[in-house]
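J.: Structure below; questions to follow.
Derivation of every value follows stated rules applied to the coordinates shown; laboratory data play no part. Nothing here was measured: the structure is a model prediction, and the numbers come from that model. No Cβ is skipped: glycine too gets one built from the backbone with ideal geometry, and neighbour counts run over all protein chains shown.
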Amino acid sequence: MDGAALGQQLQFLPDYLGSHLLLTMAALATGIAVCLPLAVVVSRTKQLQWPVLTIVGIIQTVPGLALLALMVPLLGRIGFLPAYIALVLYSVLPILRNTVTGILGVDHSVLEAARAMGMTQNEMLFRVELPLAAPFIIAGIQTATVWCVGTATLATPVGATSLGNYIFSGLQTQNFTAVLVGCVAAAFLAIILDQLIGLMKRAATARSRPLAVIAGLGLLLTIGAALAPSLLNSKVDRSQAPVVVGAKTFTEQYILAALLTGELEQAGIPTTSKASLGSTILFDALAADEVDCYVDYSGTIWANILKRPNIQPRDVMLDEISDFLMTNHGILMLGPLGFENTYTLAMPRRKARELKISSIEELSSHASALTIGSDYEFFSRPEWEALKRTYGLRFAQQRTFDPSLMYAAVKEGVVDVISAYSTDGRIVTSDLLILSDPRQALPPYEAVLLLSPKASTRPDLVQMLQHFVGAIDGNSIRLANKLVDIDGKSVEAAASLLHERMLSGRKQLGR
Amino acid sequence: MISLRQVSKVFGPSGTHAVREISLEVQQGEFIVLLGESGSGKTTTLKMINLLIEPSAGKIMVEGRDTSAMDPVQLRRRIGYVFQGIGLFPHMSVGENIAVVPRLLQWEAQRVSQRVDELLELVNLPPEDYRTRLPNELSGGQKQRVGLARALAAKPRIMLMDEPFGALDPLTRDTLQIEFKRLQQLLGLTVVMVTHDMMEALLMADRVIVMQQGCIVASGTPHDLLTAPTHPYAATLIQTPKRQADRLEDLAKQRN
């Protein structure tokens, strides 16, 4: 890791860290505000204890990423809100359970004394029960804080900026400096908050005012220092609503988003990007005008949005998609960019030669002895069903990987066949053979530029983005992908490569 | 001062009678002991007086007022309560524990701190030594002294005591019994105390009420009870301390 790469990553830190902490603190503050009164009610009502604590416990067993993703369709939007609600839900269990335990754990004779002395219910609560339960309550808040700081890194795919931006984009673009910065920053934040709240707990146990003041000041200082830069920045930013360019969670998408962002900025249109969003989350965000434009693929839209099982010729599909998106969602499909990123099956060239396999047809007779690896999506997609149905594929084993690790797996022989993207530069460097699809079970995945309903009404934007239609060929995108995935260059470098090739392409056309 | 008329308490849907139609008059400055085994209804009777337990039937008057028409919180602030569990607030110093009821009654700060010192002197705990200590730094006897001081803080005229000395070692118990009896006479307190300790009852009470299965079976001065028990159960009860006293006497004679 060199200093320049680190420096480049650190410039995002104020924004990512500030947003991360703001999200966490907002969720925790709400969690505390909801849980304390709820815990008091629950501790006073025996019939409520089991059901409430069970429900809260069940919420806790939902994996963090799933809970976050679930909030998007439930709330119908992306960004801060779904992440915030999910984290609030996540913070509830430790705070609620500890508070209930703390209140119920107060010595019975102490309560009898309080009542017999003539304390009202409220006086008992505030003078006796809560002070005595305080160490437990603070311990609950401590646990919730550490959980929330950790889980907030998963807020990136639902469109909330967090330290997870480092981790998600870093993993996909093989930028391990970014991953490291994200992990270390999140860990540091968790440790510092944990220690300070731990100090607060000790202050409560020992009834020490000075200790409580030190812990409180430490917390204020930490939160203030982390939030200050992003709060100052956001004041400047809010004067104009920038165009939001979206991107899914893989290299090509990051590059295309960087390219679009750069071009729009150059044309004087303020632009921000929201990267690392889940595929359907991104589409919903576009339809809801929360993202203004992004690049999707015809096959994906065909299967996921139009929900059409049978494949049609390329042009028929594009026309139908264009009509469907406009009529049903008000989304403008500006046009194909000029390359395809098809889902395809690939296997090491040597192995393919050994087994005499060159097509999926030929693969099917060997499949029962082979293992297939794939990204998170493929096995649950209709394309996989179509492949299985058309060719009768039955593999010995199926395994799921992060896309960036899938290529390593097939290279090392952990799996024999993978679902690959046809534009992936790693197909060349991993010496993989793309298996042909003679029965055309897989739909074409033409890259298309989509505009949100609001963005389609802006002539400047439409005109500007029109330049991209038909401007990027398969070779260009493969080169750009390779630059990031294999040569370890930055996403921005790949975007400028695409930019240059677009310019020279235009010149050639002009001639 | 306190008057119970035909008071009953029924617990739960099964309708178990803890107390059955008991009537009792307590005069001002009188020291009453409710004596009985566990389950005899003595604690239930005691707790109905300050409405920690609500009576199912009957009428309870405290200082001439029907308690069913009173706010339980206000009633309790006027009655001292001491029990075996003591229940000092562990997060408050000795001084703060004693100050609880005066503060609930919104006394001025200076009056409160004056009263705290006065009470600590009264229960033989030097204020400068004990005022700022936490309950977990005290012995059992010291804790109950603080418990007594706390119950007396707002100058109640009535004290309810539920086996207050039950958990103390015999020597401490003896000292505290003597000291409290002195305090009671000094302050002219009306006391209702629950115990199953016959000795304690005989030594402290002006009048002993013997309870069995929720009913009062005997009532009289310790002298009456010792010399002419009117009920067979009271007679059985009295036999134990008598026999113990006789045996002690025998033992003493043997040594000589």
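J.: Any idea how many residues of the range A:37-52 are surrounded by 17 or more Cβ atoms within 10 Å (Cβ to Cβ) and not small (Gly, Ala, Ser)? Walk me through how you get there before you give the answer.
T.: Going residue by residue through the range A:37-52, those that are surrounded by 17 or more Cβ atoms within 10 Å (Cβ to Cβ) are A:38-40, A:42-43, A:52.
Then drop every residue that is not not small (Gly, Ala, Ser), which leaves A:38, A:40, A:42, A:52.
Number satisfying all stated conditions: 4.
J.: Within the range B:216-233, how many residues are over 23 Å from B:Leu4 (Cβ atoms) and not aliphatic (A, V, I, L, M)?
T.: Keep residues of the range B:216-233 that are over 23 Å from B:Leu4 (Cβ atoms), which gives B:223, B:226-228, B:232.
Then keep just the ones that are not aliphatic (A, V, I, L, M); that gives B:223, B:227, B:232.
Matching residues across the range B:216-233 total 3.
J.: Something else now. Do you know which residues across the range A:406-446 are under 30 Å from A:Met333 (Cα atoms), crowded, with 22+ Cβ neighbours inside 10 Å and aliphatic (A, V, I, L, M)?
T.: If the condition is that a residue be under 30 Å from A:Met333 (Cα atoms), crowded, with 22+ Cβ neighbours inside 10 Å and aliphatic (A, V, I, L, M), then A:Ala420 is the only one that fits.
J.: If B:Asn50 passes every condition in (1) within 20 Å of B:Gln212 (Cβ to Cβ); (2) in contact (Cβ under 8 Å) with a residue 24 or more places away in the chain; (3) of a type outside the set (D, E, K, R); (4) surrounded by 13 or more Cβ atoms within 10 Å (Cβ to Cβ) but one, which one does it miss?
T.: (1)
J.: Using the structure shown, decide if A:Phe80 is within 14 Å of chain B (Cβ to nearest Cβ) and not acidic (Asp, Glu). Step through it out loud before you land on a result.
T.: Working: within 14 Å of chain B (Cβ to nearest Cβ): no; not acidic (Asp, Glu): yes.
Criteria not met by A:Phe80.
J.: Continuing with this model, one more query. With the condition kept exactly as written, say whether any residue in the range A:280-295 is buried (at least 19 other Cβ atoms within 10 Å of the Cβ), within 23 Å of A:Phe168 (Cα to Cα), of a type in the set (Ser, Thr, Tyr) and in contact with a Leu (Cβ under 8 Å, 6 or more places away or on another chain).
T.: yes
Listed here are the residues, each with its yes/no results for (1) assigned to a loop (DSSP other than H, G, I, E, B); (2) more than 28 Å from the chain's Cα centre (by Cα); (3) free of Cβ contacts under 8 Å to residues at least 60 places away in the same chain.
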| position | (1), (2), (3) |
| --- | --- |
| A:Glu383 | no, no, no |
| A:Arg389 | no, yes, yes |
| A:Ser404 | no, no, no |
| A:Val410 | no, no, no |
| A:Ala420 | no, no, no |
| A:Thr423 | yes, no, no |
| A:Ile427 | no, no, no |
| A:Arg439 | yes, yes, no |
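J.: If I filter the range B:58-70 for residues that are in contact with a Phe, Trp or Tyr (Cβ under 6 Å, 6 or more places away or on another chain) and either under 23 Å from B:Val82 (Cα atoms) or not in a strand (DSSP E or B) (or both), do I get at least one hit? Can you show your working first?
T.: So in the range B:58-70, the residues in contact with a Phe, Trp or Tyr (Cβ under 6 Å, 6 or more places away or on another chain) come out as none.
So far as the range B:58-70 goes, no, none of its residues is in contact with a Phe, Trp or Tyr (Cβ under 6 Å, 6 or more places away or on another chain) and either under 23 Å from B:Val82 (Cα atoms) or not in a strand (DSSP E or B) (or both).
J.: Sticking with this one: Go through the range B:73-131 residue by residue and tally those that are more than 12 Å from chain A (Cβ to nearest Cβ) and outside any loop (DSSP other than H, G, I, E, B).
T.: The total comes to 20.
J.: How many residues does the range B:132-143 contain that are within 12 Å of chain A (Cβ to nearest Cβ) and either touching a Phe, Trp or Tyr at 6+ places or on another chain (Cβ under 8 Å) or among the charged types (D, E, K, R) (or both)?
T.: Number of matching residues: 2.
J.: Based on this model, can you work out whether A:Gln142 counts as more than 30 Å from A:Asp424 (Cα to Cα) and either buried (at least 21 other Cβ atoms within 10 Å of the Cβ) or more than 13 Å from chain B (Cβ to nearest Cβ) (or both)? Show your work before the answer.
T.: Numbers: more than 30 Å from A:Asp424 (Cα to Cα): yes; either buried (at least 21 other Cβ atoms within 10 Å of the Cβ) or more than 13 Å from chain B (Cβ to nearest Cβ) (or both): yes.
Yes: the conditions hold for A:Gln142.
J.: Related question: I'm checking my understanding of the structure. Among residues of the range A:92-138 that are hydroxyl-bearing (Ser, Thr, Tyr) and away from every other protein chain (no Cβ under 12 Å), which one is farthest from A:Pro37 (Cα to Cα)? Steps first, please.
T.: Filtering the range A:92-138 down to residues hydroxyl-bearing (Ser, Thr, Tyr) leaves A:99, A:101, A:109, A:120.
Cutting the leftovers down to away from every other protein chain (no Cβ under 12 Å) gives us A:99, A:101.
Numbers: A:Thr99: 10, A:Thr101: 14 Å.
Taking the candidates together, the pick is A:Thr101.
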